[in-house]
1. Checking the conditions here, which among Thr91, Thr18 is assigned to a loop (DSSP other than H, G, I, E, B), modelled with pLDDT of 95 or more and of a type in the set (Val, Ile, Thr)?
2. Those residues that are surrounded by 19 or more Cβ atoms within 10 Å (Cβ to Cβ) and more than 26 Å from Ala23 (Cα to Cα), I need them from segment 90-118; list them, please.
3. Would segment 52-75 turn up any residue that is at pLDDT 95 or above, in a helix (DSSP H, G or I), among the small types (Gly, Ala, Ser) and within 21 Å of the chain's Cα centre (by Cα)?
Amino acid sequence: MSSIDTNRFRDALLAERTRIAAALENLRNENPGSVEDETGEETSDQHLADTATAMHDRELDYGLTENEEDILKSIDAALQRIEDGTYGTCTNCGKPIGEERLEALPWTDLCIDCAKLR
């Protein structure tokens, strides 16, 4: 492994983890029930456009939630790699991950070349 300041990256990962966890909590609090709960009526009694809007908004939120949960898993894996001493090493080819790439995506586990292949 190169001379990467893992403490700095650990701090960045933990800060991002906190931010994402708060965003997820906010999304979950905004949509605690079903679409019927959200619209306040049976969907069959509503105007089709109102139902479509509610469904669209809910699908966007589900997509955001799924993406954020994936990033949380990647952050946790990166934190584990820091503990294991393998942080900054590509999990595919074993070469060092460029520090610029880690600056942009501190949770990445692939060097730029392997990421391009994927």
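1. Exactly one residue qualifies, and that residue is Thr91.
2. Cys90, Ile97, Cys111 - these are the residues of segment 90-118 that are surrounded by 19 or more Cβ atoms within 10 Å (Cβ to Cβ) and more than 26 Å from Ala23 (Cα to Cα).
3. Yes, that holds for at least one residue.
The values are calculated or read from the model by the stated rules, or taken from the named source; none is laboratory data. Given the structure is predicted, the values throughout are model-derived calculations rather than measurements. All Cβ positions, even for glycine, are placed from backbone atoms using ideal geometry, and neighbour counts span all protein chains on display.
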